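One structure is given below, encoded as structure tokens.
The values are calculated or read from the model by the stated rules, or taken from the named source; none is laboratory data. Only a predicted model underlies this, so the values are computations on that prediction, with no experimental measurement involved. Counting neighbours? That spans all protein chains shown, and the Cβs are built from the backbone with ideal geometry, glycine included. Each accessible area value is taken on the protein alone, full model and side chains, heavy atoms only, with ligands, DNA and RNA left out. Shrake-Rupley method; radii C 1.70, N 1.55, O 1.52, S 1.80 Å.
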Amino acid sequence: MAPMRIPINNRIFSKYECEIACAIKLYIRNANNKVPTDETLGYIIKALRGEINGQPLPCQNMVYAIEHYDTEAVRSIYLSVYCNREHWKAEARKVWFAWLAQNDALVQRLRAQGALAPFLERDGSLRTNG
């Protein structure tokens with residue numbers, strides 16, 4: 001059985017956080033049909049902890065670290081997520097879409113407060129430096 005607290009990148013992650021990290025990397029594609037980045041994964045796991053401000057958690061190469069961990073119980077997390085595809089795909093989608101909805105709600109609130117005005121064009125689209 002995998003430990004409940006797993007040190008990766010000098011931070012402690014729960015077994016569930018490791019499982020969901022593997023599931024997101026295996027089964028989720030973003031709007032550009034790409035695997036979410038490690039940075040995005042750091043923001044998602046941080047949101048799971050109820051934290052929404054500041055830097056993402058350090059999730060660089062987290063899935064690789066889980067796959068190659070020195071303890072077999074931790075290495076088995078990846079295999080378990082891979083073998084239980086339907087369950088973990090559904091769980092990853094639930095977490096992914098909840099995180100996206102949370103971000104959308106934040107953007108809408110900031111837009112309503114006028115906080116995004118300096119960053120928006122007249123039509124409401126995001127201003128670019130082009």
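With the structure loaded, tell me whether GLN60 is open to solvent by 80 Å² or more (accessible area, probe 1.4 Å), modelled with pLDDT under 90 and of a type outside the set (A, V, I, L, M, F, W, C) or whether it fails that test. No, not satisfied. When we screen ALA115, ALA105 for residues that are over 27 Å from PRO3 (Cα atoms), more than 20 Å from the chain's Cα centre (by Cα) and open to solvent by 40 Å² or more (accessible area, probe 1.4 Å), the only hit is ALA115. Among residues of the stretch 16-53 being small (Gly, Ala, Ser) and either in contact (Cβ under 8 Å) with a residue 40 or more places away in the chain or surrounded by fewer than 19 Cβ atoms within 10 Å (Cβ to Cβ) (or both), the one that is farthest from TYR64 (Cα to Cα) is GLY50.
Look at (1) under 17 Å from VAL95 (Cβ atoms); (2) surrounded by 19 or more Cβ atoms within 10 Å (Cβ to Cβ) and you find that ILE8 fails only one, number (1). Yes or no: ARG109 under 19 Å from GLY50 (Cβ atoms) and in a helix (DSSP H, G or I)? Judged against the criteria, ARG109 is a match. In the list ALA92, ALA31, ALA47, which residue meets the criterion of being under 30 Å from ARG5 (Cα atoms) and at pLDDT below 95? Selected residue: ALA47, the only one of ALA92, ALA31, ALA47 that is under 30 Å from ARG5 (Cα atoms) and at pLDDT below 95.
State whether one or more residues within the stretch 72-88 are open to solvent by less than 80 Å² (accessible area, probe 1.4 Å), touching a helix residue (DSSP H, G or I) at 6+ places or on another chain (Cβ under 6 Å) and either of a type in the set (Phe, Trp, Tyr) or more than 22 Å from ARG11 (Cβ to Cβ) (or both). Yes.
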